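What follows is a single structure, written as structure tokens, with notes after it.
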Amino acid sequence: MERKECEIILRIMNEVIDAGHMERYYTVLTDLVYSLQNRQISNNILELGTGYGHSLVCLALAAKAIDGRVYTIDNDVERVNRIARPTINKFDLQNYVGFIEGDTLSTQIIDKLANFTFGLIFLDSSHLQIPTLTELSTYSRLLDKGGYLVLHDTNEESVKHALSEFLSNRGDEFILALEFIQMPSLTVLRKIK
């Protein structure tokens, strides 16, 4: 799929979900995935928190363009099956997405992904401080050097505190690549060690 094709689908998607304010956010996500293409890092993408699948569509469109794959985890199986899966199917992206049902912090899921590496990890799940900090600590170890760790909703106090604590412990491994403090807030870290 050509980049222009992705941009057209993203515009259509914006109209469908009436989220014009999200255009910059979607563009950043797809640009980050595209940047993985010519580097010596994995084309695998991990999304923690499928939700309604809006971010997943962006990630999957870009993954398709770079011959990558998105693995997405969510414990709300009913919502994923009712909304996210049909959205992915509507855009014919089902071959580029692996749905994983369950809690992001369950031992079974962590073990299942232990042998994977990812070029991009996108966190948008619980938004609670301790679970977010635990996800950051657990899943950042699966991120390739040079890969991106992306957090959504970093304007929420609990997410902000989790990120701050994570960086106080492992900040020498990451640099701040991008930060949007306006809605929707987004922080992008790049792994350097």
With the crude spin-label approximation of a point 7 Å out along Cα→Cβ, what separation in nm comes out for residue 161 versus residue 181?
2.0
Taking the chain, how many lysine pairs are there with alpha carbons less than 27 Å apart, if each pair must be eight or more places apart or span two chains?
14
Between helix 129-139 and the chain, what is the angle of the helix's C-alpha long axis to the longest principal axis, kept within 0 to 90° and rounded to the nearest 10?
80
Ranked by how many other beta carbons lie within 10 Å on average, peptides 168-180, 144-156 from highest
144-156, 168-180
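Explain nothing, just the number: dipole magnitude of the stretch 60-193 about its Cα centre with +1 on each Lys and Arg Cβ and -1 on each Asp and Glu Cβ, in debye rounded to the nearest 20. Numbers along the way, then the final one.
Working: 14 positive and 18 negative charges, 90 e Å.
The dipole magnitude comes to about 440 debye.
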Over the stretch 96-165, what percent of the accessible surface lies on carbon and sulfur atoms, probe 1.4 Å?
50
Gaussian network model of the chain, Cα within-10 Å springs - most flexible of 46, 105, 142:
105
Round to the nearest 10 and give me the degree value, 0 to 90, for the angle of helix 54-65's Cα axis relative to the longest principal axis of the chain.
80
Quick one: order 64, 112, 191 from most to least accessible surface, probe 1.4 Å.
112, 64, 191
Å² of accessible area per residue within the stretch 97-193, as computed with a 1.4 Å probe and no ligands counted
47
Based on a Kirkwood Rh over C-alpha pairs, give the Stokes-Einstein translational diffusion coefficient of the chain at 37 °C and viscosity 0.692 mPa s in µm²/s.
199
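Once every DSSP H run of n ≥ 4 in the chain is given -39500 (n - 2.57) and the sum is divided by its residues, what mean residue ellipticity at 222 nm do you get, rounded to the nearest 500 deg cm²/dmol? Each step should come with its number before you reach the end.
On the way: 7 runs with 78 residues, N = 193.
Using -39500 (n - 2.57) per qualifying helix, the result is -12500 deg cm²/dmol.
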Sorted by average packing, counted as other Cβ atoms within 10 angstrom per residue and highest first, what order do 83-95, 124-136 take?
124-136, 83-95
Convex hull of the stretch 57-133 built on C-alpha atoms - directionally averaged projected area, nm²
5.5
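Please give the FRET efficiency for residue 83 paired with residue 115, using the beta carbon to beta carbon distance and R0 = 35 Å, rounded to the nearest 0.05. Don't skip to the answer; put the middle values down first.
Working: r = 30 Å, r/R0 = 0.86.
Result of the calculation: an efficiency of 0.70.
The values are calculated or read from the model by the stated rules, or taken from the named source; none is laboratory data. Owing to the predicted nature of the structure, the values given are computational and were not obtained by experimental measurement. Positions of Cβ are backbone-derived with ideal geometry, glycine not excepted, and every protein chain shown enters the neighbour counts. Note: areas computed on protein heavy atoms with side chains; ligands, DNA, RNA excluded. Shrake-Rupley method; radii C 1.70, N 1.55, O 1.52, S 1.80 Å.
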